[in-house]
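What follows is a single structure, written as structure tokens, with notes after it.
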Amino acid sequence: MHPDLSKLTNKEREAYQFLNTHQQLISYMSLRDIAKQTHISTATILRLITKMGYKSFQEYKFSLKEDESVDLSYDLTEIIKALKHLEDDYYEEKLYEIAGLLKETNAIIFHGIGASASIAAYGARKLAEAGLFAFSSSDPFFINASMVKQRADIFLSISGNTKEILDLATLVSKDNESGQFSIAITANLSSDLAKLCDWTIAYPLTIKRDQQFISTSQLVTVAIIEKLTYLIKTLS
């Protein structure tokens with residue numbers, strides 16, 4: 001839906017321009033994220049969304065999802081756009097902050113199953129190259145009271161709703177040890193995994209799947225890991 005631009009304030013026009021040109025990214029941002037990125041108040045953004053004909057920010061985001069065509073094709077254009085978004089201020093600031101937190105932890109554990117298990121192993125190796133104590137686990141039952149304290153748990157899941165990963169993230173979320181935190185790297189900002197973790201790095205890719213197969217690329221996850229590795233090295 002398009003508002004009458006002549007009836008918008010200058011700030012509302014600025015917000016509309018951002019929403020209109022960053023639709024792929026907005027699906028993975030909160031209202032507060034957009035306000036921070038645009039330097040426009042949440043109240044102004046909500047007022048604009050109302051003028052666009054939506055009852056809420058969530059309804060607006062849902063409309064963006066409805067417009068997406070979901071199939072099992074390999075969309076290289078979408079992948080390249082998602083990779084370029086990693087250069088946006090939103091991602092640059094978040095990754096820099098997370099890199100600083102990771103650098104101060106005693107240990108980092110990557111968790112993933114299926115194809116994500118291989119990416120988890122790669123992530124642990126890259127952070128180890130940056131001088132951190134990092135390892136990976138593909139065992140969904142890998143957690144006990146003797147695990148390293150003041151650690152970071154990084155969960156990799158495209159859908160963010162893999163049962164085994166959710167079970168593990170739930171256990172981790174109950175461990176309130178000082179200096180301990182969890183990170184979700186997923187294509188689904190509204191997933192249960194994102195809600196369980198302290199930090200979420202959500203990348204703007206369509207989740208393409210049928211009942212047995214997910215064809216969504218892992219390239220963006222790899223790029224996020226490599227970007228974190230680079231930032232950690234610059235902080236050394």
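In whole Hz, what ³J(HN,Hα) sequence does the stretch 119-134 give by Karplus (6.51, -1.76, 1.60; θ = phi - 60°), x for Gly and Pro?
Working through the residues one at a time gives 5, 4, 5, 5, x, 4, 5, 5, 5, 5, 5, 7, x, 9, 7, 9 Hz.
Taking θ = phi - 60°, what integer Hz values does the Karplus form 6.51 cos²θ - 1.76 cosθ + 1.60 yield along the stretch 55-64, in sequence order, with x for Gly and Pro?
7, 7, 5, 5, 5, 4, 4, 5, 5, 5
Please give the helix 89-103 orientation as an angle from the longest Cα principal axis of the chain, in degrees from 0 to 90, rounded to the nearest 10.
Value to nearest ten degrees: 20.
Reachable lysines from K51, Cα under 17 Å, same-chain residues fewer than 8 places away excluded?
By straight Cα distance, K51 reaches K7, K11, K61.
What does the accessible area per residue of the chain come to in Å², with a 1.4 Å probe and no ligands, DNA or RNA counted?
52
I'd like the accessible area for D89, computed on protein heavy atoms only with a 1.4 Å probe and all protein chains in place. Round to 10 Å², please.
Looks like 90 Å² after rounding.
Show me, for the stretch 24-34, the HN-Hα J-couplings you get by feeding each phi into the Karplus relation (A = 6.51, B = -1.76, C = 1.60, θ = phi - 60°), rounded to Hz, glycine and proline as x.
Each residue of the stretch 24-34 in turn: 5, 6, 4, 4, 10, 10, 8, 4, 5, 4, 5 Hz.
Can you pull the accessible area of R13 for me, 1.4 Å probe, Å² to the nearest 10?
R13 exposes around 90 Å² with every protein chain in place.
What residues have an amide H closer than 5 Å to that of I154, excluding those fewer than 5 places away on the same chain, when H is modeled at 1.01 Å from N in the peptide plane?
Close amide H contacts, sequence-distant or interchain: I109, F110, H111, I183.
For the chain, calculate the relative contact order in percent as a whole number, restricting contacts to Cα pairs under 8 Å that are 6 or more residues apart. Before the final figure, lay out the partial values.
On the way: 351 pairs, mean separation 47.8, N = 236.
Here the relative contact order equals 20 percent.
Tell me, in nm to one decimal, what length is gained between L101 and K7 on full extension, where the rule is 0.36 nm per residue of separation less the Cα-Cα distance?
Here the segment from L101 to K7 would lengthen by 29.4 nm.
Quick one: accessible surface of S118, probe radius 1.4 Å, all protein chains present, in square angstrom to the nearest 10.
80
Quick one: what Rg and Dmax do you get for the chain from the alpha carbons, in Å?
Expressed in Å, the Cα Rg and Dmax of the chain come to 18.8, 63.
The values are calculated or read from the model by the stated rules, or taken from the named source; none is laboratory data. It should be emphasised that the depicted structure is a prediction, and the values quoted were computed from it without experimental measurement. Each accessible area value is taken on the protein alone, full model and side chains, heavy atoms only, with ligands, DNA and RNA left out. Shrake-Rupley method; radii C 1.70, N 1.55, O 1.52, S 1.80 Å.
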